[in-house]
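Before any comments, here is the structure.
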Amino acid sequence: MLNPRHSLTLRLALIFALLAFASLATLGVALYHGLETQLIRRDDAALIGRVDQLRNLLQDSNTLELIRTRPALFQNMVGNHEALLVVGEPGKAPLVVVNPTSMALPQLEPISADQALDLSMVQHLPGTGDVPFAAVSAMVRTDNPSTGLQVMAGRLMNERTAVLASYQVSVFLLASVAAILLALAGYFLVHHGLLPLRKLARHTQGIGVANLSERLDSRGAPVELLPMIDGFNAMLDRLATGFAQLSQVSTDMAHELRTPINNLLGETQVALHQPRSMEAYQHLLASNVEELERLARMLDNMLFLARTDPGSALSQRQQLDAQDEMQRIADYFEGVADDAGVTIAAQASGTVWAEPMLLRRALANLCANAIRYAEPGSVIEAVAIPGLDGIELTVCNHGETIPAEHLPKLFDRFYRVDQARARSAVSNGLGLSIVASIMELHGGRYGASSTGGLTRFSLFFPRQ
Ligand SMILES: Nc1ncnc2c1ncn2[C@@H]1O[C@H](COP(=O)(O)OP(=O)(O)OP(=O)(O)O)[C@@H](O)[C@H]1O
Ligand SMILES: [Mg+2]
């Protein structure tokens, strides 16, 4: 009945109604049974009283005489209280029979004359239709003990049936009215109670990219809604941060792409201005290729940053042998290092809890930098030192000291110490920002130091 798509208000109103009806009906049924028991007891007591009265009356020999001679008179005297009244000597035709509804005479074992009557002696028999019938049969002590007289009185409980029936109707009417009233009250109460929720919904509808700094107002909101409002506001905080980052990235990107594209465009336009020698064209194309390669690498890196899915990256973390990983990077860069006239020495122990591809990418970016900035003939050291709460991986190279003021900014996107290199085909300033994102993803730390010609980049991966 309660389809989940029904409104909460309607559902609660129906539940209210159902509960009201069920509890009132239960109460009504319990009271009905109580009342019924009381009425039966009262009716039985009246019947017993009546038979007692008849016993006393019939003990008198004058009365007996009157019955024998003038049964009709006696009948009128006792009146028509009963649905059934039979007086007679056992085994003989009855002297008096009052039976207006002409019911079949029930065969009851009479209570002996010297036994006092009580409620347990009333016999409850099936009556006519729905109306119950109760009867008592008793012997009467007479002057002539040999004969004896039997009296039987029975009553149809019309009055009781009517009272109970009207009671039943009242209970169900009352329960239904209460259910309807409660449903209406519940509907309006819930409708009113949900007012703050509708207000919030209206407010959220107004929040968009243009006013992402707006927050939902928790003042005056019910306590139950506070966690939702706080959660929503926290989500807006995260979205605003992410959005700011994204727009920063696109601004940076547009800015970074402008220079190389302008260069390409300018140089090509100049070259096309007048006929050039074959060598000049070749030179131009070679330089264009370098610039385009750099653009391609930049886009590749930007895509890598954008595509890395934190959820799946984190779920693919594993325990990796630090020595294996360091050695793998050293081997991978062997050729490039040879060309630059440097050597890479890997020395590590312990394990790293990381996503393999991302770890390798981070180490590769550090090694590429180290090779690029190392003094020819020097040794680059790739070291891993396991600690209590994680492992520290460092890549050190000898070369020009990086001025201290640059150190905190090295990990920013597109940041290069030597801005002149910005135009070089090799430097995009993205490598370390990728390292930073990878470390943030792993909940680790990263840092750079540079003193006395020794530049050291360190990555700290926490234990599992
Ligand atoms: N080992 C190092 N020695 C000296 N300077 C370094 C070293 N590593 C990085 N830097 C400085 O930090 C800057 C940022 O490095 P990052 O790796 O982010 O970019 P990049 O190497 O210039 O370009 P990309 O890695 O995107 O090709 C570099 O331009 C360089 O100035
Ligand atoms: Mg780099």
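The numbers here are math on the coordinates, done by the rules we state, and not lab data. Since this is a predicted model, take the numbers as computed values, not measurements. Counting neighbours? That spans all protein chains shown, and the Cβs are built from the backbone with ideal geometry, glycine included.
Stretched out fully, how many nm does the piece from LEU189 to GLU440 gain, at 0.36 nm a residue minus the Cα gap? Before the final figure, lay out the partial values.
Working: separation 251, 0.36 × 251 = 90.36 nm, distance 4.88 nm.
Here the segment from LEU189 to GLU440 would lengthen by 85.5 nm.
May I ask you to derive the relative contact order of the range 1-116, considering only C-alpha pairs under 8 Å and at least 6 residues apart, and to give it as an integer percent? Numbers along the way, then the final one.
Details: 41 pairs, mean separation 13.3, N = 116.
Computed over the range 1-116, the figure is 11 percent.
Between GLN347 and GLU267, take the C-beta separation as r, use R0 = 45 Å, and let me know the FRET efficiency to the nearest 0.05.
On the way: r = 46 Å, r/R0 = 1.02.
It comes out at approximately 0.45.
Taking only C-alpha pairs under 8 Å that are 6+ residues apart, what is the relative contact order of the chain in percent? It would help to have the intermediate numbers written out before the result.
Details: 598 pairs, mean separation 50.0, N = 464.
Normalised by residue count, the contact order of the chain is 11 percent.
Work out, step by step, the length gained on full extension between VAL209 and THR241: first 0.36 nm times the residue separation, then minus their alpha carbon distance; give nm to one decimal. Spell out each step's value before the answer.
Details: separation 32, 0.36 × 32 = 11.52 nm, distance 1.19 nm.
Taking 0.36 nm per residue and subtracting the Cα distance, the gain is 10.3 nm.
When the Kirkwood radius is taken over all Cα pairs of the chain, what Stokes-Einstein diffusion coefficient follows at 10 °C and 1.306 mPa s, in µm²/s? Walk me through the numbers on the way to the answer.
Numbers: Rh = 33.4 Å.
D, rounded to a whole number, is 48 µm²/s.
Could you work out [θ]222 nm for the chain from helices alone, using -39500 (n - 2.57) per DSSP H run of at least four and dividing by all its residues? Round to the nearest 500 deg cm²/dmol.
Numbers: 12 runs with 247 residues, N = 464.
Taking each H run of at least 4 residues, the total per residue is -18500 deg cm²/dmol.
Tell me the Kirkwood radius of the range 358-410: reciprocal of the mean inverse pair distance over distinct alpha-carbon atoms, in Å.
Values: mean 1/r = 0.0797 Å⁻¹.
Its Kirkwood hydrodynamic radius stands at 12.5 Å.
Of all DSSP beta bridges located in the chain, what percent are antiparallel, nearest 5?
Details: 46 of 53 bridges.
Of the beta bridges lying entirely in the chain, close to 85 percent run antiparallel.
Among residues other than HIS33 whose Cβ falls under 14 Å from its Cβ, what is the net charge (Lys/Arg +1, Asp/Glu -1)? Before the final figure, lay out the partial values.
On the way: positive: ARG41, ARG160; negative: GLU36.
Surrounding charge for HIS33 is +1.
How many percent of all Cα-Cα pairs in the range 312-462 sit more than 20 Å apart?
Numbers: 5216 of 11325 pairs.
The calculated P(r) of the range 312-462 puts 46 percent of pairs beyond 20 Å.
How would you order 381-391, 353-363, 312-322 from highest to lowest mean count of nearby Cβ atoms within 10 Å? Please report the intermediate quantities before stating the final value.
Working: 381-391: 16.5, 353-363: 21.0, 312-322: 14.8.
Put in order of decreasing packing, that is 353-363, 381-391, 312-322.
With labels modelled as points extended 7 Å from the Cα through the Cβ direction, what inter-label distance (nm, one decimal) is found for LEU125 paired with GLN327?
11.0 nm
In a shell of Cβ-Cβ distance under 13 Å around ASP118, excluding ASP118 itself, what net charge do Lys and Arg (+1) and Asp and Glu (-1) give? Don't skip to the answer; put the middle values down first.
Numbers: positive: ARG41; negative: ASP44, ASP52.
After counting each charged neighbour, the total is -1.
Give the distance, in whole Å, between the Cα centre of the range 366-412 and the Cα centre of the range 21-66.
Their Cα centres are 106 Å away from one another.
ARG456: net charge of surrounding residues, Cβ under 13 Å, Lys/Arg +1, Asp/Glu -1, itself excluded?
On the way: positive: none; negative: GLU381, GLU392.
Every neighbour counted, the sum reads -2.
Using only the Cα atoms of the range 160-217, each taken as one equal point scatterer with no solvent, compute I(q) by the Debye sum, divide by I(0), and report log10 of the ratio at q = 0.13, 0.19, 0.21, 0.25 Å⁻¹.
The Cα Debye sum returns log10 ratios of -0.58, -0.77, -0.83, -0.94.
Using a/c under 1.5 as the rounded threshold, could you call the range 231-297 rounded, prolate or oblate? The axes a ≥ b ≥ c are square roots of the C-alpha gyration tensor eigenvalues, and prolate needs a/b larger than b/c, oblate otherwise. All intermediate terms of the calculation are to be shown ahead of the outcome.
On the way: a/c = 9.29, a/b = 4.08, b/c = 2.28.
Here the range 231-297 falls in the prolate category.
What's the angle, to the nearest 10 degrees (0 to 90), between helix 356-373's Cα axis and the longest principal axis of the chain?
Computed tilt is about 20 degrees.
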